[in-house]
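Only one structure is covered here, and it is reproduced in the block below.
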Amino acid sequence: MKFAQYPEHYKKLITTSVYCPTSEYMIKSLKIILVIAFVLGLQTQYSLAQITDEPPLNDSITKVDIKWTGTWPPEDQPAKARSLRNSFNSIVLGMQTPELVNPVAILANSPDDYLILDQANRTIFQISGKLGDIPQFMKKNTYDLASLVGICSGPNSSVLFTDSYSGQVFIKKSGHKRPELLNDSLKLQQPTGIAYLEQEHQIWVLETKEHSIAILDESGNRIGKIGKRGNAKGEFNFPTHIWADAKGLVYITDAMNFRVQVFNSNGEVVSVFGQVGDASGFMARPKGIATDSHGNIYVVDALFHTVQVFDLNGRLLISFGNQGHGNAEFWMPTGIFIDKQDHIFVADTYNSRVQIFQITHEDRK
């Protein structure tokens, strides 16, 4: 290798004058030493790259574009549910509809039809178009839902949701007037995220206090468990949010390990990525998680006030949002949901709203 091919910092070291009687000899020796060190450094980097057990990155890159489309409540309205019933109740009966205060999770069919868990109000808001209301099944609810956390679609068009304080999973069955306990004999340790695996007829619930996943059948009977406390693959440190895709992959926010773990429906680890840090691609307070139609993974980070998008290997593709109160800005966001048309719903928790985005993709080499 010719001298001109050395990196600049090696050139600078070699050409630095050294005051001593044998400076010419020492400079020649230094050149030899630096060349050897440089070659060994390259060999070491190559060796480390070869022995890593991480899966190879896919050369195909999906360009992800995110477009902000709106909020609920709409910008021209205060954070109150709006409907004719609400107006009648307010004017005639003096009943006030609660304001949306702390949205933490969303379950959506479309931007005109979705549910919002409001932890502060201990209830669920139902959004239809620009109108929002507390649905009748929640007005008839007799349970004290002190800490709503997770929600998902369940079997036979039902809705499942968790209350971490009571340690219970609730189900709102289609056609029923009020929610009920999925299994009144089931007691979980701080249940948070919940997902329904349709093909397996299983319900996966994160037991945050137990650092594990409880696997239930459709009746709420415990049939399995995944994980324990730790930082090895398949172990957890306060997992909080979960998402199941159409292919049977399950994505877990392993919050205090500052990472994401991906499992198949058999409970085997497929991918693990993430580490604590304060730069893009790292994690500070990972919360909600979801995937789009291309399999890209969206992770809400409350302390970054942003959403980061990764591929299955953990490569950062894009991030959007920063701290603030304007459009596409967040204040400690928590939950996220992506519908089948790739609309993103983000629970912008401390801004007391849900923001909606649209995803577009472009595959390229």
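Surface calculation, 1.4 Å probe, protein heavy atoms: GLU180 sits at approximately 60 Å² accessible.
In the context of the full protein assembly, PHE357 retains an accessible surface of approximately 0 Å², using a probe radius of 1.4 Å and ignoring ligands and nucleic acids.
Candidates ILE134, ILE124, LEU160 compared by Cα position along the dipole of the range 116-202: farthest toward the positive end lies ILE134, with charges placed on Cβ.
Per-residue accessible area (protein heavy atoms, 1.4 Å probe) orders HIS241, HIS201, HIS176 as HIS201, HIS176, HIS241, starting from the largest.
Listed cross-link partners LYS140/LYS187; LYS130/LYS247; LYS172/LYS340; LYS173/LYS287; LYS225/LYS287; LYS63/LYS225 are compared with a 25 Å cut-off, the Cα-Cα value being larger for LYS130/LYS247; LYS173/LYS287; LYS63/LYS225. If you sort TRP72, TRP331 by accessible surface, 1.4 Å probe, largest first, the order is TRP331, TRP72.
Counting only protein chain heavy atoms and rolling a 1.4 Å probe, the accessible areas of LYS67, LYS247 rank, largest first, as LYS247, LYS67.
Summary of packing: across the peptides 211-220, 262-271, the per-residue average of other C-beta atoms within 10 Å ranks them, highest first, as 211-220, 262-271. The spacing between the range 194-228 and the range 276-299, judged by their C-alpha centroids, is 22 Å.
Here THR69 sits with roughly 80 square angstrom of accessible surface, probe radius 1.4 Å.
The values are calculated or read from the model by the stated rules, or taken from the named source; none is laboratory data. Note that the structure is a prediction, hence the values are computed from the model and not measured. Glycine also receives a Cβ, built like all others from the backbone with ideal geometry; neighbour counts cover every protein chain displayed. Only protein heavy atoms, including side chains, enter the accessible area calculation; ligands, DNA and RNA are left aside. Shrake-Rupley method; radii C 1.70, N 1.55, O 1.52, S 1.80 Å.
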